[in-house]
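Have a look at the structure below, then the notes.
The values are calculated or read from the model by the stated rules, or taken from the named source; none is laboratory data. These numbers come from a predicted model, not from an experiment. Here the Cβ positions follow ideal geometry from the backbone for every residue, glycine too, while neighbour counts run over all protein chains shown. These area figures cover heavy atoms from the full protein model, side chains too; ligands, DNA and RNA do not enter into them. Shrake-Rupley method; radii C 1.70, N 1.55, O 1.52, S 1.80 Å.
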Amino acid sequence: MFQKPFVRWLVVLIALVGGGIVLRAVLQWRDLSEVADVATVVFVVLASAWCYIGLFWMWEQHWAKVATVYLGVSNYVWLSAAIALWQERQDLALAFMGFWGLLVVGLSGIAAIRALCMPSSPIFGIARTVINQAARFHITEAVIVVVVLLILGLPSWLEENRIDYRLTFYLTWSLRLSITALSVVTAVLAAFTITYDLTRKQMFMLASKPVSRFAYLAGKWLGLALLDLVLVAIVGLGVWLGAMLIYTAPIPENAEPEVQWSKTLAETEVLTSRVIALPRPHENNGSDQMLRAELAQLHRERPDIWPDTIEKLSSGALGEVRGKALARWHTIPPGGLRIYKFTGFEEFRRVWQEFMQRINALKTRMDELTKQERKEEAAAVRAQIEALVKKMPQTSLRLRFKPKYETAPDDEKVHMVWQVGNFREALMPMVNNTVREKPVPYQFIAEDGSITIGLYNVNAANPQATHPSNIKFVPIEGLQLIYQSGTFEGNVVASMFIHWVRLAFLAMVGLACGTFLGFPMAVATTIFILAIASLSGYAGEALASYTPLNVVGKGWWEIFTDVFAGMWAAVTALDFGALTKLFIKLLGDIVLFLIPSFSEYNPTPLLADGRAVSLSLILRSAFYVGVVWTGAFAFIGWLLFRNKELARITV
């Protein structure tokens, strides 16, 4: 085998690449970073030169000529990036490598899914034809161009100099625009690929072969899903690249301190993956006590409306009382105290205890060595302690709060005192209705994994000068305990997976519509379903406020029965205006019930706000959108397609 020239060439190439990787790792392990960089450059040059030699030997083959062009472009990009780094322009180096990466992901992705569809199976063969159709339309190249334009154009639309604001704006709108573009492309391609076969009589050839209608639809969907996977990867890489370009862009030396500080905020609040924990009442059965106390207060104020016991409340009224109780619990009267308890931090406490055990063991060892006057060994142990202390998780947990006076003072400053564990401290005065974060050390985590935080509405410097106004926190948004979980890159991958699931669902919708509609109507219907799924959250709120029915806290069945009861009452009262409204609500609720709500599976706000895209959201979107709803439309499309008459027999 080693007598073949290609094998010998490949062995030398692998040796050059592997040797360079091993040498760089060894040099970095020996803290010789500069030498490692030089060695890396040398091995890259040698490996590239050896690739050119091998391609020259195989120049008569077409793939060798194409590979030579790709390798030349790659070397040019790497050289440009190296020059930019040498000039300390990390943003330019990242731009060169990023745009090159988009091209590589697109071309290699298409080649990979083509290779994946090579098995001799009807489903894979049909999927391969869909991928080839998209390649003829140059869809991949068009998506790369759109992504590059978004990366270059979106940041210039915002005049805001703060990097964290720019990043939030960019992440929100780049994902919205790019995913919308991919959705339209998917809808058009799904409708085209099936209506083209029907109108151009391509189905006649397939129908004469042992290919079932189910295999035909499955192959079409598989090709579209694989193509969307490549396009989503391009968008994900482009979004990450644009965010990094904004973050690494140099800040002018004469910039305001707020702008310079915004880079740190961008790293800790946007380019991260944070989990949010919400408080619960400190007392046992606190939620039930809050609910009963709120109902008692409402009953005293309006006994004609509110009953005296929870059991007499309807589901809608119960939800309203729960909301009022939650708002009251997030309100601190002047001179008052509210205690909030956060749970679920057992793992953080365990990590903290392990660190403390190791540090205490090292301190004991250092004391023994000091007593024995073994100074060098004691100094070495002290260095281990210092290194371990630097690695201790100190500020991972942060209390994020946004207090607001009902009636703001003249200086617009909020004065508060906070207490965590046995530690009490006056907070620095902060601007009214602004967000602030406070680190919560791990040592305040209780044995049950909970953290208890008390907030006082008092001016610690002069209690007599406490502002006579309630301090309010907006429930859910106004008081949170956040901590980092994962990385920004992992968040991008999770977000793009959810978007891919949604695109795969849309592809099946387009195929199902194409089985019984013409191309224009199939595209329009698919985009209409996409619009309903995307705007279902707003549509549900609009329908709820369109009629006088109280639907707060009610399930689907209760809402439907209330609507029918209201329609009957409107008919008997000859109130046709109310009847029309109720009929529109009934029709709208049925449509929203039959189409999944993308607003429930939307990772874009989480990514733009630096919040973690949870595993539960990923699994729920994969099951409900990727399995249940995609399967439902696949079944509908198969039922329509299996009975479709491809051609009429004429005599």
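Looking only at the range 441-450, decide whether some residue is more than 30 Å from Gln464 (Cβ to Cβ), out of contact with any Phe, Trp or Tyr (no Cβ under 8 Å at 6 or more places or on another chain) and among the β-branched types (Val, Ile, Thr). No; the residues of the range 441-450 include none that is more than 30 Å from Gln464 (Cβ to Cβ), out of contact with any Phe, Trp or Tyr (no Cβ under 8 Å at 6 or more places or on another chain) and among the β-branched types (Val, Ile, Thr). For Leu265, the requirement of being over 30 Å from Pro122 (Cβ atoms) and touching a residue at least 40 places away in the same chain (Cβ under 8 Å) is met.
Given the residues Ile144, Ile110, which is the only one that is closer than 23 Å to Val188 by Cβ and modelled with pLDDT of 85 or more?
So the residue among Ile144, Ile110 that is closer than 23 Å to Val188 by Cβ and modelled with pLDDT of 85 or more is Ile110.
Being closer than 16 Å to Val414 by Cα, of a type in the set (Phe, Trp, Tyr) and over 18 Å from the mean Cα position of the chain (by Cα) holds for only one residue in Phe473, Phe516, Phe444, Phe505, and it is Phe473. Of everything in the range 606-644 that's of a type outside the set (Val, Ile, Thr) and in a loop (DSSP other than H, G, I, E, B), which residue is nearest to Ile498 (Cα to Cα)? Restricting to residues being of a type outside the set (Val, Ile, Thr) and in a loop (DSSP other than H, G, I, E, B), the top hit is Ser614.
If I filter the range 473-489 for residues that are open to solvent by less than 70 Å² (accessible area, probe 1.4 Å), farther than 25 Å from Asp609 by Cβ and assigned to a helix (DSSP H, G or I), do I get at least one hit? No - not one qualifying residue is present in the range 473-489. Scanning the range 375-412 for residues that are surrounded by 14 or more Cβ atoms within 10 Å (Cβ to Cβ), over 35 Å from the mean Cα position of the chain (by Cα) and either touching a residue at least 12 places away in the same chain (Cβ under 8 Å) or assigned to a loop (DSSP other than H, G, I, E, B) (or both) yields a count of 7. Look at (1) in contact with a Phe, Trp or Tyr (Cβ under 6 Å, 6 or more places away or on another chain); (2) among the hydrophobic types (A, V, I, L, M, F, W, C); (3) at pLDDT below 75 and you find that Ile310 fails only one, number (1).
For Arg338, the stated conditions hold: it is more than 32 Å from the chain's Cα centre (by Cα) and either in contact (Cβ under 8 Å) with a residue 40 or more places away in the chain or part of a helix (DSSP H, G or I) (or both). For the range 241-263, enumerate the residues that are open to solvent by 30 Å² or more (accessible area, probe 1.4 Å) and outside any helix (DSSP H, G or I). Those that are open to solvent by 30 Å² or more (accessible area, probe 1.4 Å) and outside any helix (DSSP H, G or I): Ala249, Pro250, Ile251, Pro252, Glu253, Asn254, Glu256.
Could you check, for the range 97-106, whether at least one of its residues is more than 21 Å from Ala15 (Cα to Cα), exposed (fewer than 14 other Cβ atoms within 10 Å of the Cβ) and either modelled with pLDDT of 80 or more or within 36 Å of the chain's Cα centre (by Cα) (or both)? No, the range 97-106 contains no residue that is more than 21 Å from Ala15 (Cα to Cα), exposed (fewer than 14 other Cβ atoms within 10 Å of the Cβ) and either modelled with pLDDT of 80 or more or within 36 Å of the chain's Cα centre (by Cα) (or both). Within the set Gln443, Gln464, the sole residue that is in contact (Cβ under 8 Å) with a residue 40 or more places away in the chain and open to solvent by 40 Å² or more (accessible area, probe 1.4 Å) turns out to be Gln443.
Taken over the range 416-439, the criterion of being open to solvent by 50 Å² or more (accessible area, probe 1.4 Å), aliphatic (A, V, I, L, M) and part of a loop (DSSP other than H, G, I, E, B) is satisfied by Met428, Val435. Just one residue in the set Leu455, Leu530, Leu511 is modelled with pLDDT of 90 or more and closer than 22 Å to Ile636 by Cα; that residue is Leu511.
Yes or no, residue by residue, for (1) open to solvent by 70 Å² or more (accessible area, probe 1.4 Å); (2) under 25 Å from Trp86 (Cβ atoms); (3) not charged (D, E, K, R):
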position	(1), (2), (3)
Arg8	yes, no, no
Ile21	yes, yes, yes
Thr40	no, yes, yes
Ala47	no, yes, yes
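Of the residues making up the range 123-135, those that are open to solvent by 60 Å² or more (accessible area, probe 1.4 Å) and farther than 20 Å from Val232 by Cβ are Phe124, Thr129.
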